[in-house]
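Reading through the structure tokens given below for one structure.
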Amino acid sequence: MKRTKSALKQARGSLRRAESNRAMKTATKSAVARAEEAIAANDAEAAKKQIAEAFSKLDKSAKKKVMHPNAVARRKSRLVKKLKNAAPAEVAVKEKKTREKAK
């Protein structure tokens, strides 16, 4: 058990931060799950909307140090990869146009 006043205060703050972090992490995971469901349903419009929301939640959790930035980058990368693999015809990926040179 904590004995000093400052240690007790630190413990209370730690509990508050843990609760806040848990809530943010849950919201982030839920947003990612909704995006994955939209991708699985082959609904390109909804998938893009859900991915934007998931990216926002992921970036906020990295900014507030709830999740490690590399873990956030990995999750974002996997979401985009799933989107591209799910419906390659519907996702507009710009292809580089090459011009033929006149000889």
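Ranking T26, Q50, A11 by Cα position along the charge dipole of the range 1-68, where only Lys, Arg, Asp and Glu carry charges on their C-beta atoms, puts A11 farthest toward the positive end.
Ranking A41, V66, L79 by Cα position along the charge dipole of the chain, where only Lys, Arg, Asp and Glu carry charges on their C-beta atoms, puts V66 farthest toward the positive end. A simple spin-label model places pseudo-atoms 7 Å from Cα toward Cβ; at K48 and A11 they are separated by 5.3 nm. Between helix 44-63 and the chain there is an angle of about 40 degrees, using the helix long axis and the longest principal axis of the Cα atoms. Pairs K25/K81; K9/K76; K29/K82; K9/K29; K9/K63; K29/K49: which exceed 27 Å Cα-Cα? The answer is K9/K76; K9/K29.
Note on the chain: with a GNM built from Cα contacts shorter than 10 Å, the maximum mean-square fluctuation among L58, L79, L15 falls on L15. Charged side chains reduced to their Cβ positions (Lys and Arg at +1, Asp and Glu at -1) give the chain a dipole of some 920 debye around its Cα centre.
For the chain, the fraction of C-alpha pairs more than 20 angstrom apart is 55%. Rounded to the nearest 10 degrees, the inclination of helix 69-86 to the longest alpha-carbon principal axis of the chain is 30 degrees.
Since every read-out is calculated from the coordinates, none of them should be taken as a lab result. Owing to the predicted nature of the structure, the values given are computational and were not obtained by experimental measurement. In this analysis, Cβ positions are derived from the backbone assuming ideal geometry, glycine residues included, and neighbour counts consider all displayed protein chains.
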